[in-house]
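Accompanying notes for the structure given below.
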Protein chains: 2
Amino acid sequence: MSNKQDNIKRTEISQLGEFGLIEHLTTEFQMKNKSTLRGVGDDAAVINYGDKDTVVSTDLLLEGVHFDLMYTPLKHLGYKAVTVNLSDIYAMNADPKQITVSIGVSNRMSVEALSEFYAGIYIACERYGVDLVGGDTTTSLKGFTISVTAIGEGERGKITQRQTAKEGDIVCVTGDLGAAFLGLQILEREKDVFLASPQAQPDLGGQDYVLQRFLKPEARKDIVDMFRQADISVNAMIDVSDGLSSELFHLCKQSELGVQIREADLPISDEATELALKFGMDPMVCALNGGEDYELLFTLDESSYNKLPVGADVRAIGKMLNQASGKNIESRSGKVHELLAQGWSHLDD
Amino acid sequence: MSNKQDNIKRTEISQLGEFGLIEHLTTEFQMKNKSTLRGVGDDAAVINYGDKDTVVSTDLLLEGVHFDLMYTPLKHLGYKAVTVNLSDIYAMNADPKQITVSIGVSNRMSVEALSEFYAGIYIACERYGVDLVGGDTTTSLKGFTISVTAIGEGERGKITQRQTAKEGDIVCVTGDLGAAFLGLQILEREKDVFLASPQAQPDLGGQDYVLQRFLKPEARKDIVDMFRQADISVNAMIDVSDGLSSELFHLCKQSELGVQIREADLPISDEATELALKFGMDPMVCALNGGEDYELLFTLDESSYNKLPVGADVRAIGKMLNQASGKNIESRSGKVHELLAQGWSHLDD
C-alpha cells in the first residue's frame, strides 16, 4: 500500500531544478501527430488542425479529493489523469491529439516517483496517439496537484454536444456501470484495514476487474471509431464521469427533454453485482450513481441505432421523451419511479 | 489585509452545488470571438481558427506558493491568473482568444469570494477580448488552486519561438523590470508587520506603481499589435516571468547562441530604483532576477529594429553573440561579467 520505488533510489527534485525536471520527465516523449507543430519547450505549444474544429477539455485532480496515494500506484494515476480527459474529447465525437500536464509537487515526492507518474502518462499517450505538448511544474506546500488539458480535432458538423438529443431518440450506454465505484470501495476498505493493522495483507484477490475499472480506466476511442466505420450519427453524447443519473440530467436539461430508462437494461458486470451485494449495496444504485465509469452515454434515432454492428459494446437503456414526461426509471417489476440526480432507491418498490 | 466581502454576505458553495456554482460564476460571460463555437457547458469547448495555427499555454497557481490571500485581493488574483497566461500567448506573437479556468476550493471560501475572483477574470477577458470557454470546479482539502489554459491563434510562419534568435540580433525588452519583485517585498513586509501587531495600519502609500506591477500585471498585447502595424518581424521572443537572466538563458540555450547585455540599458523605473535602495538591494539584481514582470524579451535584426516607432515602450539592452562568447553583462564601469541564471552580483566589481 505504499510507493515502493521510494525505497530503491531517491533523487530530490531540487537536484534537477524546474527546467531540468521537465527535461528529465519529458525526454522520451516523441511527437506523433503532424498537427503538433511545437511541443514542450516554449511559452506555448503550436497546433494546426487544418479545416477541422479544435476541441478543448480540462480537469483538475487533487490528492485527497480525487485520488489517494496510499492505494493509487503513480503509474496508474498518470495513465488515468490522461484517459479521463481524453474521454471528454471522445464524448464530443472528436479525436484527442495533444495534452498539457501541469503538476504541483511537494518535496515529499522524489524524481523517481514523478518518473513513475510520467511513465503512466507516456503509456496513455502511446496507446491513444496523443502528444504531450506542454504544462507547468511547480512546488506545492502539501499534496500532489494535477491539471490536464486535452486538445483534439473534430469534424465540423459532426461534433456531438449535449443539447441536441431529440425526442424519441434511443438512449444507449457503452460498457458497464458501477464497477469503478465498487473498486474504490474495496480500496477504501483495505486502506482502513491497513491503517488499523499495518501487518495485515491486503485482500484484493479476484477483484481485478473492478480495481482496474477504478485505477486504470480506458477512454472509449473504440466506440467513436466504430461510429465512423459504420457511418453512425448520434444526436447527443456525454461521458459518464459523475454517474449515469447525473449525466442523464445534463442531457435532459440541455436538450429540454425528458427520459425514461429501464432498470433491467442497465449494464452491470457480474463482478460488480456480486460485490455490491457483498457490500450490502443495490447494484442498480451503484450503476446509477457510482461515477468514474468513463463510458459514453449517447442518444440516436432508430435508423442509426440499427446500424450498430452486431456485438458492439453498447446497450440501449431507454428513450428520450418530451420534457413534460420527466426523468424516470422503470423497475424490473414494471413500476415507474422518478429518477433523482443523486439516484433512486429501491426503498419504496 | 483580509477579504472584506466575507464579512458582508456568505453563501456556502454547498448551497449551489458544483453545476449551480459554475452557472452562477459564468453567467455574465458572453462569447465575443467567432472562433468560439461552443463555450462552457459541454464535455469540451469547440474552437475554429480557420487557416491559423492554434497556440496553447497553461499555468498552475497554488495558494501559499504563487499567491498569498492575506494581501492579494481576489479580484486582482482573477485578473492576474488570466493575464500571466495571455502573456505566454503574446510571447509567441499570437492572439489569445479563449481560456479555461479550473479551480480547487476549500469550504473556507464563500460563493461571494469566488464571485470576486471571477469578476477579475471577467475584467481581464473583456480587456483582452478573450472568451472563458471551460474549466473544472472541485473541492480542495486545503488552499485555493487555480489552473488556467490560454488558447490563441497565430499566423503560420509568424509565430515567434525561442530557438530562432540569430547571431548579431539586437536584444530588446519592453517596459521596465524589477518593480513587481519589489511590490512583493513591500507586501511581505506589511504582512510581517500585520502579523506582529494586527492593529498596525499598512504603510503602502506612494507604492502604487510597484504594487500594481505585482498584483495586477498586464500582458503586452500592445507590443504585438505594434509589431504588426509597423510590419516588424522579430526572430525570437519570450515573456519575462522568471526574471530577465533566466529568460536570456532560455533564448541562448535554445538558439545555441551567446549574449551580452549592458547594465546601463536595463529599464528600471525610478520607483523601483528608489525602493530597492531603501531595502538595501541592488536595483540591477532586482531587474535581472526579480521575475513576474510579464514584459516581452525579443531579438531582431537591425533593419527591423529601425522600424520601431519613436516612443515605443521598448529598450535595446544588448546583442546576441555566438555560443562561444558566453552570456555576459557589461557593468556601468565597462567591466564584463558572466551572467548567472540566478543573476549576477556587484560583489566583485
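The values are calculated or read from the model by the stated rules, or taken from the named source; none is laboratory data. Values in this document were obtained by computation on a predicted structure and should not be read as measured data. Here the Cβ positions follow ideal geometry from the backbone for every residue, glycine too, while neighbour counts run over all protein chains shown.
Give segment A:203-227 a look and list any residue that's among the basic types (K, R) and either over 15 Å from A:P96 (Cβ atoms) or modelled with pLDDT under 95 (or both), or say none. Step through it out loud before you land on a result.
We begin by selecting, within segment A:203-227, every residue among the basic types (K, R); these are A:213, A:216, A:220-221.
Passing the criteria: A:R213, A:K216.
Suppose the filter is surrounded by 20 or more Cβ atoms within 10 Å (Cβ to Cβ) and either among the β-branched types (V, I, T) or assigned by TED's automatic domain parsing to the domain that holds B:K97 (or both); does B:L16 pass it?
Judged against the criteria, B:L16 is not a match.
Quick one: what pairs do we get from segment B:182-198, first residue within 20 Å of B:L275 (Cα to Cα) and in the same structural domain as B:R213 (by TED's automatic domain parsing), second among the charged types (D, E, K, R) and surrounded by 13 or more Cβ atoms within 10 Å (Cβ to Cβ), C-beta under 6 Å, 6+ apart or different chains?
Pairs found: B:G183/B:R213.
Just checking, which of B:A119, B:A113 is out of contact with any Lys or Arg (no Cβ under 6 Å at 6 or more places or on another chain), within 19 Å of B:R10 (Cβ to Cβ), small (G, A, S) and assigned by TED's automatic domain parsing to the domain that holds B:T27?
B:A113
Is it the case that A:V111 is within 12 Å of another protein chain (Cβ to nearest Cβ) and over 24 Å from A:E295 (Cα atoms)?
In short, no.
Kindly indicate whether any position in segment B:258-266 is crowded, with 21+ Cβ neighbours inside 10 Å, within 14 Å of chain A (Cβ to nearest Cβ) and not in a helix (DSSP H, G or I).
no
Select, from B:A45, B:A91, the only residue that is of a type in the set (G, A, S), under 24 Å from B:R156 (Cβ atoms), crowded, with 24+ Cβ neighbours inside 10 Å and modelled with pLDDT of 95 or more.
Numbers: B:A45 fails: modelled with pLDDT of 95 or more.
After ruling out the rest, the residue left standing is B:A91.
Does A:V133 satisfy the criteria of being within 14 Å of chain B (Cβ to nearest Cβ), under 22 Å from B:V148 (Cβ atoms) and at pLDDT below 95?
In short, yes.
Would you call B:A180 in a helix (DSSP H, G or I), in contact with a helix residue (DSSP H, G or I) (Cβ under 8 Å, 6 or more places away or on another chain) and within 16 Å of B:L297 (Cβ to Cβ)?
yes
Restricting attention to segment A:136-143, does a residue exist that is within 11 Å of another protein chain (Cβ to nearest Cβ) and within 23 Å of A:V55 (Cβ to Cβ)?
Initially, segment A:136-143 is screened for residues within 11 Å of another protein chain (Cβ to nearest Cβ), giving A:136-143.
With within 23 Å of A:V55 (Cβ to Cβ) added as a condition, the list becomes A:136.
Scanning segment A:136-143, I find at least one residue that is within 11 Å of another protein chain (Cβ to nearest Cβ) and within 23 Å of A:V55 (Cβ to Cβ), so the answer is yes.
Being buried (at least 18 other Cβ atoms within 10 Å of the Cβ), aromatic (F, W, Y), in contact (Cβ under 8 Å) with a residue 60 or more places away in the chain and within 13 Å of another protein chain (Cβ to nearest Cβ) is the requirement here; does B:F249 meet it?
yes
I need the full set of residues from segment B:282-303 which are under 23 Å from B:S333 (Cα atoms) and without any contact (Cβ under 8 Å) to a residue 40 or more places away in the chain, in order please.
none
Here is a yes/no grid of residues against (1) among the small types (G, A, S); (2) in contact (Cβ under 8 Å) with a residue 60 or more places away in the chain; (3) over 30 Å from A:Q163 (Cβ atoms):
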position	(1), (2), (3)
A:G20	yes, no, yes
A:T72	no, yes, yes
A:T83	no, yes, no
A:T100	no, no, no
A:R108	no, no, yes
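Kindly establish whether B:V210 is farther than 26 Å from B:Y305 by Cα, of a type in the set (A, V, I, L, M), in contact (Cβ under 8 Å) with a residue 60 or more places away in the chain and buried (at least 16 other Cβ atoms within 10 Å of the Cβ). Spell out how you get there, then give the answer.
On the way: farther than 26 Å from B:Y305 by Cα: yes; of a type in the set (A, V, I, L, M): yes; in contact (Cβ under 8 Å) with a residue 60 or more places away in the chain: yes; buried (at least 16 other Cβ atoms within 10 Å of the Cβ): yes.
Judged against the criteria, B:V210 is a match.
Take the residues of segment B:19-39 that are under 26 Å from the mean Cα position of the chain (by Cα) and of a type in the set (S, T, N, Q): which is farthest from the other protein chains (Cβ to nearest Cβ)?
Looking at the filtered set, the residue picked out is B:Q30.
Pick from segment A:86-106 the residues that are of a type in the set (V, I, T) and within 7 Å of chain B (Cβ to nearest Cβ): which of them is nearest to A:L251 (Cα to Cα)?
Applying the filter and picking the extreme gives A:I89.
Among the listed residues A:G157, A:G168, identify the single one that is more than 14 Å from chain B (Cβ to nearest Cβ), of a type outside the set (S, T, Y), over 17 Å from the mean Cα position of the chain (by Cα) and surrounded by fewer than 15 Cβ atoms within 10 Å (Cβ to Cβ). Working first, answer last.
Details: A:G157 fails: more than 14 Å from chain B (Cβ to nearest Cβ).
A:G168 is the lone residue from the list that is more than 14 Å from chain B (Cβ to nearest Cβ), of a type outside the set (S, T, Y), over 17 Å from the mean Cα position of the chain (by Cα) and surrounded by fewer than 15 Cβ atoms within 10 Å (Cβ to Cβ).
Looking only at segment A:49-64, count every residue that is at the interface with chain B (Cβ under 7 Å from one of its Cβ atoms) and surrounded by fewer than 19 Cβ atoms within 10 Å (Cβ to Cβ) and tell me the total.
So the count comes out to 1.
Please indicate, with yes or no, whether at least one residue in segment B:228-243 is surrounded by 23 or more Cβ atoms within 10 Å (Cβ to Cβ), modelled with pLDDT of 95 or more, part of a helix (DSSP H, G or I) and under 21 Å from the mean Cα position of the chain (by Cα).
no
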